[in-house]
1. Based on other C-beta atoms within 10 Å, arrange A:C206, B:C55 from fewest to most.
2. Of A:D155, C:D32, how do they rank once you tally other Cβ atoms within 10 Å and put the fewest first?
3. Could you tally up the Lys pairs in segment B:22-147 with alpha carbons closer than 20 Å? Skip any pair fewer than 8 positions apart unless they're on separate chains.
4. Tilt of helix C:20-31 relative to the longest C-alpha principal axis of chain C, in degrees (0 to 90, nearest 10)?
5. What whole number of Å gives the distance from the Cα centroid of segment A:92-106 to the Cα centroid of segment B:71-150?
6. Across peptide C:92-104, what mean number of C-beta atoms from other chains lies inside 10 Å of a residue's C-beta?
7. Report, to the nearest 10°, how far helix B:22-31 tilts away from the longest principal axis of the Cα atoms in chain B, using its own Cα long axis and a range of 0 to 90°.
8. Over chain A, what relative contact order in percent results from Cα pairs under 8 Å that are six or more residues apart?
Amino acid sequence: MRDVAVVAYSAWNGVEHERNEVEILMPVVRDVFDKVGLTKNDIGFTCSGTSDYLAGQPFSFVSALDAVGAWPPIVESHVEMDGAWALYEAWVRLQHGDLDTALVYAVGKSTMGDLLDVLALQLDPYVLTPLWPDPVSLAALQARAYLEKTGKTEDDLAAVAESRGRRVDRASGYIASPLRRHDCPPITDGAAAVVLAVGDRARELCERPAWICGIDHRIEQHQLGARDLTRSESAKVAADKAGASGVDVAELHAPFTHQELILRDAIGLNGATINPSGGALKANPLMVAGLERIGEAASRVLDGSAAKVLGHATSGPCLQQNLVCVMESR
Amino acid sequence: MSEDVTGIVVPIHLDYTYTPGVAASRFLRHIAEGNYVGQRCPKCKKVYVPPRGSCPTCGVPTDEEVELKQTGTITAFCIVNIPFAGQAVECPYVSATIQLDGADIGFYHLIQEIPYDQIHIGMRVEAVWKPREEWGTTTESIAHFKPTDA
Amino acid sequence: MTEPLVAPHVLEWGYTRSLGPTLTAFFTGLRDRKIVGAKTKTGRVIVPPTPHDPDTGEDVDSLVDVSDEGVVETWSFVSHPRPKQPLDRPFAWALIKLDGADTAMLHVVDGAIETGSRVKAKWRDETVGYITDIECFVPA
């Protein structure tokens, strides 16, 4: 295996009324290049994560490339998934041995369409989508199952919200019981970019590369009623395979408060600082938030404040799919 | 007993509030005033119209605005004879890419006021605008392009 | 600062989906006001049915009828339904394990609900072979 490290990370989150995806992404890509003094011509492989349903047009990733510049022709790939999976593909691509650097980016404008309807379309198209279940309601089914099985309460959920910087209002009505506003992620636009580099190239580019010492992703069956929603076996296996023990900082992609508890149970993060960035409860740009978790965790190694960190990303309804990336200083 | 249900139709409906972005918004506002304004790449100096805010070759922002003439050259065209769902123009019609004088890429518009069998690549054309009161932030403010008299 | 330009944009179409033998049995069953599950080689009954055991990927063994009545495993009450959702009045989403099934199916419940509540399908007057042939579940 070749040693691959995150050497730079940049991101932007917010609600954007004026700029389009390319205009959101361009300054983020500029910034991540500037951090390591690279240009697009220095990049071996480019991989992105975006969603056509979010953009409202097919093959929308081809125009997102305008933010990078694809001439002379570049080595490129795309996943219709969170950018964390684009990072996984880039890590695999760098293992081929012929390229030493990769740019990974993700962009999503969740506010342009109706995000709750868009996410209903990720479901089984025969028996689920025709009911148009929204992701908050589905998460609420999971939350209730989790609370009833573990004996935890809505106060435990509120405590998670509070520690992620959310203003908790226990008297507010349910969005979908037992979830209140503070248990749910905000609808956010955003873009993120990461530069990966191999071996000596990584050491040239930055002082403290965040070396990827383990990365794995696992998926469970789709039908919600056919799996145990109260735990995340896929996150557990991915964390075990990635070697998640002994991390100082973990950035978990838990859009809902109860999902952070389920992930903590699954990954076992004794003593680790969790989501110092505020996580997905603070900003949850679809397609981007998972890559942000890896970038935020890596930043703790890049800035010298942590020795071993974990970035997690999730995809699909109710934590169906989970990716864990463990990084360390050397 | 009736026959088996072997297929279902699942209707999809999604609503968006589409934003063209900063660069395209500026372009469309210029169109509403009767002007074609592109943007120049600071690196390779190419002029893009409509601008998208970035140079797709260099991957850098394009800020400098360049007002373009309303004459140009047909770089490719096709005669559309087959109707399709959502078609806005009656068949047959000619759709062409037109490179405006001073621009480095072509854009799509209609060619009219000439028998279609006389249209050719390299033909000089000019914009024909709709009446002033019909101008808006849309390229439909231009009715079509026609051959230049010169 | 000028106001950003915006325009409405609608994506709308219908996907014509072939069902294959397992889902043909399920949707034909709905039209005939019954619910069909798939029995795996290990004896688990999957509802809605899948052609393969979701755990192992093996072909399922057979199709079996299950009850249109069952138990609520988990639920969420929604005060403000969204326009495309099955009911236009407050309702609960629920995962319902039908009698004879080993997995729960998602649908909506109209009426009082708790975990463990027994509920029964309320069929539409006219059924066509679609998941909404069950208008909702109601307390049994």
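Every number in this text was worked out from the coordinates using simple rules, so none of it is lab data. Just so we're clear, the structure is a prediction, and the values are computed from it rather than from any experiment. We place every Cβ from the backbone using ideal geometry, glycine too, and count neighbours over all the protein chains shown.
1. Working: A:C206 19, B:C55 24.
With the sparsest Cβ surroundings first, the list reads A:C206, B:C55.
2. The fewest-first ordering by Cβ neighbours comes to A:D155, C:D32.
3. Count of close lysine pairs: 5.
4. Roughly 80 degrees, rounded to the nearest 10.
5. Result: 44 Å between the Cα centres.
6. Mean shielding count: 4.
7. 70
8. Result for chain A is 25 percent.
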